[in-house]
Amino acid sequence: MLLLTRSPTAWHRLSHLKPPVLPGTVGGQALHLRSWFLSRQGPAETGRQGQPQGPGLRTRLLITALFGAGLGGAWLALRAEKERLQQQKRIEALRQAAVGQGDFHLLDHKGQARRKADFRGQWVLMYFGFTHCPDICPDELEKLVQVVRQLEAEPGLPPVQPVFITVDPERDDVEAMARYVQDFHPRLLGLTGSTEQIAQATHSYRVYYSAGPKDEDQDYIVDHSITIYLLNPDGLFTDYYGRSRSAEQISDSVRQHMATFRSVLS
């Protein structure tokens, strides 16, 4: 009843009052805008369950794994091809060096005459040394026969013939070689011969050796190159291994040569 007593001026002021504004709205229009905005949204925009679904996590992981496997396989194939080409180039370079060409005529530790042609059809690991060698020759021969044993233990691989050729024919006769080789491997073949025959064999394989001065007991040391040679079944020099190469490294190399060998005589 109080409002009825108001003057016309008061009524005019009341007509110009603005409606209450909600907190956080602009000009009281926020509620209207929110209703309009929600009305324009589709199901994909109003909640995660309605969003368009791409590939699942498991699918993405599978695609990534397949892609990685493909890259890994391609890399391994390229590396294998690179190693094959490097090995082929090495073999060609060694053949051009004319190492191990020609024949030799020696006696084995049983007194039987031997020629290089006798080993045709076999893989051969060959080392030049002497029986009075204090440490290097025993170490290298032990490494050589370790390679032979490792390859013997693998079914399907052809046998490897170990051979030891002396560079000291003055002291290493047939009997001395027989006593020496029995300490390493039952199939290790010791070869000796005359001074001229040994000189021919060592020259063919580019082996350096030189007997030192004799002491008061007529003992002496022979300085010589330290190399293990690999011959393929064609009797051709295929590779060599210095003192720094381990038995495992030599075994791996021999396996690779066996896998890629193609006879040039058949």
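The values are calculated or read from the model by the stated rules, or taken from the named source; none is laboratory data. Keep in mind that what you see is a predicted model, and the values were worked out from it rather than measured. FYI the Cβ positions are ideal-geometry reconstructions off the backbone, even for glycines, and counts take in every protein chain you see. Heads up: the accessible areas ignore ligands, DNA and RNA and are worked out on the full protein's heavy atoms, side chains in. Shrake-Rupley method; radii C 1.70, N 1.55, O 1.52, S 1.80 Å.
Checked against (1) open to solvent by 50 Å² or more (accessible area, probe 1.4 Å); (2) in contact (Cβ under 8 Å) with a residue 24 or more places away in the chain; (3) of a type in the set (Asp, Glu), residue 168 meets all criteria but (1).
Scanning region 254-266 for residues that are outside any helix (DSSP H, G or I), loosely packed, with under 14 Cβ neighbours inside 10 Å and in contact (Cβ under 8 Å) with a residue 24 or more places away in the chain gives 263, 264, 265. Checked against the criterion of being modelled with pLDDT under 80 and under 24 Å from the mean Cα position of the chain (by Cα), the candidates 53, 88 yield just one match: 88.
The set of residues in region 91-113 being modelled with pLDDT under 75, open to solvent by 90 Å² or more (accessible area, probe 1.4 Å) and closer than 30 Å to residue 173 by Cβ consists of 101 alone.
Which one is least open to solvent (accessible area, probe 1.4 Å) among residues in region 204-216 that are farther than 15 Å from residue 102 by Cα and in contact with a strand residue (DSSP E or B) (Cβ under 8 Å, 6 or more places away or on another chain)?
Residues of region 204-216 farther than 15 Å from residue 102 by Cα: 208-216.
With in contact with a strand residue (DSSP E or B) (Cβ under 8 Å, 6 or more places away or on another chain) added as a condition, the list becomes 208-212.
Values: 208: 120, 209: 69, 210: 49, 211: 66, 212: 29 Å².
Here the answer is 212.
When residue 251 is tested against (1) farther than 18 Å from residue 118 by Cβ; (2) outside any loop (DSSP other than H, G, I, E, B); (3) open to solvent by 60 Å² or more (accessible area, probe 1.4 Å), only condition (3) is not met. Annotation note: Cβ proximity below 9 Å between a residue of region 216-237 that is in the same structural domain as residue 126 (by the TED database) and without any contact (Cβ under 8 Å) to a residue 60 or more places away in the chain and a residue that is among the polar types (S, T, N, Q) and open to solvent by 10 Å² or more (accessible area, probe 1.4 Å) (sequence gap 6+ or interchain) occurs for 223/210. Put simply, of 178, 201 the only residue that is within 17 Å of residue 103 (Cβ to Cβ), in contact with a Lys or Arg (Cβ under 9 Å, 6 or more places away or on another chain) and in a helix (DSSP H, G or I) is 201. Residues in region 209-248 that are hydrophobic (A, V, I, L, M, F, W, C) and part of a helix (DSSP H, G or I): 247 alone. Residue-level check: of (1) out of contact with any Gly (no Cβ under 7 Å at 6 or more places or on another chain); (2) over 22 Å from residue 130 (Cα atoms), residue 199 misses just (2). For residue 151, the stated conditions hold: it is outside any strand (DSSP E or B), surrounded by 18 or more Cβ atoms within 10 Å (Cβ to Cβ) and in contact with a Ser or Thr (Cβ under 9 Å, 6 or more places away or on another chain).
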